[in-house]
């Protein structure tokens with residue numbers, strides 16, 4: 001029961017104090033769940049981020065569900081998931097009740113301008129952290145650089161190209177290279 005409460009409270013703090021969605025939450029999840037509590041490893045967080053990006057649902061919810069499940073099974077996943085979604089639900093519900101034109105309030109509009117900058121920095125921090133932990137080989141580095149250049153071009157030139165398609169292309173390239181290397185190793189082993 002203590003672990004369930006700890007999961008719930010940890011993820012309610014993550015959900016309550018992190019603006020900008022899943023990418024902005026990754027560095028906070030890494031700090032709380034990987035470094036402080038050691039519930040998951042860096043590799044698990046990196047793999048989870050990749051899987052969460054290609055599956056339905058927000059990244060933060062998928063991370064919370066996985067972490068909760070790993071630590072306390074289905075009940076743990078429910079506790080962690082509720083913790084991460086309740087703050088957002090409560091804030092949006094309160095905004096919808098009390099403010100018709102929420103962002104037209106000058107103070108709130110100015111606060112959100114500052115929050116946008118902070119969210120960008122949190123996302124950049126998560127990206128740099130993940131890049132540092134990435135496997136350092138030629139293929140991984142080439143795929144990362146090519147994906148960054150393509151996404152930059154997509155944004156600059158307003159091309160209509162899905163990031164999911166880009167991920168699928170990167171996965172296909174990586175899988176093809178792996179299969180070619182594996183077949184080459186088997187042929188070399190059979191020749192000996």
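Estimated from helical segments only, the mean residue ellipticity of the chain at 222 nm is -28000 deg cm²/dmol, where each DSSP H run of four or more residues counts as -39500 (n - 2.57). The convex hull defined by the C-alpha atoms of segment 1-134 has an orientation-averaged projected area of 8.7 nm². Reported value for segment 135-192: 79 Å³ per residue, from the convex hull of its C-alpha atoms. Note on 63, 146: ascending count of other Cβ atoms within 10 Å places them as 146, 63, the fewest first. In the Gaussian network model of the chain, springs joining C-alpha atoms below 10 Å, which of 64, 147, 109 carries the largest mean-square fluctuation? In the Gaussian network model the winner is 109.
Largest GNM mean-square fluctuation among 24, 170, 72, using the chain with Cα springs under 10 Å: 170. Express in % the proportion of alpha carbon pairs of segment 45-112 at distances exceeding 13 Å. The calculated P(r) of segment 45-112 puts 70 percent of pairs beyond 13 Å.
Note on 102, 17: ascending count of other Cβ atoms within 10 Å places them as 17, 102, the fewest first.
In terms of overall dimensions, the C-alpha atoms belonging to segment 86-165 reach 54, 30, 22 Å along their principal axes, ordered largest to smallest. Of the residues 14, 108, the one with the fewest other Cβ atoms within 10 Å heads the list, and the complete ranking is 108, 14.
No value in this document is a laboratory result; all are computed from the given coordinates. Being a predicted model, the structure only gives us computed values, none of them experimental. Because the Cβ atoms are built from the backbone with ideal geometry, glycine has one as well, and the counts that use them run over all protein chains shown.
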